[in-house]
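Here is the structure we will look at, set down as structure tokens.
The values are calculated or read from the model by the stated rules, or taken from the named source; none is laboratory data. Not measured: the values here are computed from a predicted model. In this analysis, Cβ positions are derived from the backbone assuming ideal geometry, glycine residues included, and neighbour counts consider all displayed protein chains. For accessibility, only protein heavy atoms count, side chains too; no ligands or nucleic acids. Shrake-Rupley method; radii C 1.70, N 1.55, O 1.52, S 1.80 Å.
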Amino acid sequence: MSLEDMYQDIILDHYRKPHNRAGELEGTDAKVHHSNPLCGDEMDLRIRVVDDHLDAVVFDGDGCSISQASASAMTQAVTGRELDDVLDLSENFRMMMHGDDPERLDDLEDGIAFQGVAKFPVRVKCALLGWMAVKDAIETYRGGDAAHAVTHE
């Protein structure tokens, strides 16, 4: 089995059996809604913060397999991390989606499987949706707000 085939299996597994997919989160500190009207991807993401750590993150929504699987992988990679570390890891994923070599391979966990998506510019926003949503949720939380919505064009 090639590395590309293995990555495809990881993406399909996250799409078929998403982790941390839920419509609600007890004790939610911030909720964001991100949408991409060009492709129809929509995502609600909720976070709970304890002692400056991302204690829990859940997402729900509709979209392509890439957006939903990437969000699933993201929730596993970021849960339990300090907020600044989550922001740094999200930036590392974003740079990977734009063709840079990831600096934090191990920390991205299954998120590394999306590296090949960078070859398909039309799908990059799909892979980034959940990662940008968690970044926005942290910034919303730090700004003292409970909710925020973003439309990606």
*Quick one: in segment 118-139, which of the residues that are modelled with pLDDT of 95 or more and not hydrophobic (A, V, I, L, M, F, W, C) is surrounded by the fewest Cβ atoms within 10 Å (Cβ to Cβ)?*
139
*Those residues of segment 18-30 which are in contact (Cβ under 8 Å) with a residue 40 or more places away in the chain and within 16 Å of the chain's Cα centre (by Cα), in sequence order*: 18, 19, 20, 21, 30
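Just checking, which of 124, 78 is in contact with a strand residue (DSSP E or B) (Cβ under 6 Å, 6 or more places away or on another chain), touching a residue at least 12 places away in the same chain (Cβ under 8 Å) and not aromatic (Phe, Trp, Tyr)? Reasoning before the result, please.
Details: 124 fails: in contact with a strand residue (DSSP E or B) (Cβ under 6 Å, 6 or more places away or on another chain).
That would be 78, the only listed residue that is in contact with a strand residue (DSSP E or B) (Cβ under 6 Å, 6 or more places away or on another chain), touching a residue at least 12 places away in the same chain (Cβ under 8 Å) and not aromatic (Phe, Trp, Tyr).
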*Is there a residue being farther than 20 Å from residue 151 by Cα, touching a residue at least 40 places away in the same chain (Cβ under 8 Å), among the aromatic types (Phe, Trp, Tyr) and out of contact with any Pro (no Cβ under 7 Å at 6 or more places or on another chain) anywhere in segment 110-119?*
yes
*asked:* Taking the criterion of being touching a residue at least 40 places away in the same chain (Cβ under 8 Å), open to solvent by 10 Å² or more (accessible area, probe 1.4 Å) and polar (S, T, N, Q), would at least one residue in segment 45-67 satisfy it?
replied: yes
*Just name the residue that is modelled with the highest pLDDT out of those in segment 1-29 that are out of contact with any Asp or Glu (no Cβ under 7 Å at 6 or more places or on another chain) and open to solvent by less than 30 Å² (accessible area, probe 1.4 Å).*
25
*asked:* Here's a check for you: in segment 100-117, which residue that is modelled with pLDDT of 95 or more and acidic (Asp, Glu) is surrounded by the most Cβ atoms within 10 Å (Cβ to Cβ)?
replied: 110
*For segment 68-99, name all the residues that are within 12 Å of the chain's Cα centre (by Cα), hydrophobic (A, V, I, L, M, F, W, C) and open to solvent by 10 Å² or more (accessible area, probe 1.4 Å).*
87
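Just to check your reading of the model, which residue among 77, 73 is touching a Phe, Trp or Tyr at 6+ places or on another chain (Cβ under 8 Å) and not aromatic (Phe, Trp, Tyr)? Quick ask: steps written out before the conclusion?
Numbers: 77 fails: touching a Phe, Trp or Tyr at 6+ places or on another chain (Cβ under 8 Å).
Only one candidate qualifies: 73.
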